[in-house]
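The values are calculated or read from the model by the stated rules, or taken from the named source; none is laboratory data. Bear in mind that the values here come from a model prediction, so they are computed numbers and not experimental data. Every residue, glycine among them, receives a Cβ derived from its backbone with ideal geometry; neighbour counts consider all protein chains shown. In case anyone asks, the SASA skips ligands and DNA or RNA and just uses the protein heavy atoms, side chains included. Shrake-Rupley method; radii C 1.70, N 1.55, O 1.52, S 1.80 Å.
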Amino acid sequence: MRVHHLDCGSLRVIAPVGEDLPPARAVCHCLLIETDADGLVLVDSGFGGEDTVSPGERLGADFLTFAEPVLDPAQPAVRQVARLGFDPADVRHIVLTHLHRDHTGGLPDFPYATVHLHEEEYRAVTDPAAEHHRASVERFMPAHRAHGPRLTPARSHPGDSWPGIENVARLEGLAADILLVPLFGHTPGHSGVAVRSGDRWLLNAGDAYFYHRELEADPPVSHPELDLIQQNAQVDPEARLDGLHRLRALHREHGDEVDIFCAHDPWEFQRYDSARR
């Protein structure tokens, strides 16, 4: 498989904490995966084409005020897929870390793709009796699902494990080495997406954390601005912190096998963006 790292949505400028790095715009770090048997697979979808045209309707005024998205019409995944020389219709699968608006805006641009998400996230948005259903639906933008995407729940199976983590979920109809790694708490079924790339794994940890020093520094260092976002968004702080502890252990004990990054840290994205040039 070949993996492309895409920034599908520039956000407000943030400054690092305690590091000699330049301020940068937060990103929407997505992956485009070329597979042998399953066509193109997109991991998260950032902002979509219609989001750049009608942002108030599709993203909400409060989000626009706080996140300050650039909404560059060249950034949606559908445009970047075409610039890489692919037909967007060849994106047959989309794998979501979760259903927040900055991860789902591109879904309508790939209307025939199967959309994979963890069964707990699927239940939160489809089952009125599910815990956190109402809060989840309020945060998940209906406009991004108005086209009726084929939401397909991925189920964990007892005994399925991945380096240091139990109960990973396999994706229906996907032969590629792509797994959902449960990292609940930011949303009910929030998950990382693990992708085998050569002899290593990539783990897109979504919004399980927002700043690389939460993972890499000892003791960990969080980002005050991004902490406010996390505290406002998370539905289960205890579960999210448990997932972060597991990610820190994974980084410490399996760093020779797994590269971990989150969805919005611009300095993490620059590592991969620089490597491909």
By average C-beta atoms within 10 angstrom, highest first, the peptides 124-130, 99-105, 1-7: 99-105, 1-7, 124-130
Relative contact order %, the range 8-51, counting alpha carbon pairs below 8 Å whose residues are six or more apart: 34 percent
Separation in nanometres of the label points that stand 7 Å from Cα toward Cβ, at HIS254 and LEU241: 2.4 nm
Normalised contact order of the range 147-243, rounded percent, pairs of Cα under 8 Å and 6 or more residues apart: 21 percent
Contour minus Cα-Cα distance for GLN231 and VAL13 (0.36 nm per residue): 76.5 nm
Percent accessible area from carbon and sulfur atoms, the range 67-117, protein chains only, probe 1.4 Å: 50 percent
Cβ charges +1 (Lys, Arg) and -1 (Asp, Glu), total dipole of the chain, debye: 480 debye
Three-way shape call for the chain based on the alpha-carbon gyration tensor, with the a/c threshold at 1.5: rounded
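Nearest-5 percent of antiparallel DSSP beta bridges in the range 1-149? List each step's numbers first, then the result.
On the way: 12 of 19 bridges.
Of all bridge pairs located within the range 1-149, approximately 65 percent are antiparallel.
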Per-residue HN-Hα couplings for the range 264-272 [Karplus 6.51, -1.76, 1.60; θ = phi - 60°; Hz; x = Gly/Pro]: 10, 6, x, 6, 5, 4, 4, 4, 7
Whole-Hz ³J(HN,Hα) from phi, Karplus 6.51 cos²θ - 1.76 cosθ + 1.60, for the range 209-226, glycine and proline x: 8, 10, 9, 4, 6, 4, 9, 9, 7, 9, x, x, 10, 9, 10, x, 5, 6
Spin-label pair ARG200/ALA89, simplified geometry with 7 Å Cα→Cβ offset, distance in nm: 3.7 nm
Stretchable slack from GLU131 to ALA37, in nm (0.36 nm times residue separation minus alpha-carbon distance): 30.2 nm
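Ordered by packing density, taken as the mean number of other Cβ atoms within 10 Å over each peptide's residues, highest first, how do 113-121, 15-23 rank?
Ranked from most to least packed, the peptides come out as 113-121, 15-23.
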Cα gyration tensor shape for the range 57-134, rounded if a/c is under 1.5, else prolate or oblate: oblate
Fraction of accessible area attributable to carbon and sulfur, the range 141-271 (%, probe 1.4 Å): 49 percent
Calculated [θ] (222 nm, deg cm²/dmol) that DSSP helices of n ≥ 4 give over the chain, each run adding -39,500 (n - 2.57): -8000 deg cm²/dmol
The range 52-117 - percent relative contact order, Cα under 8 Å, separation 6 or more: 29 percent
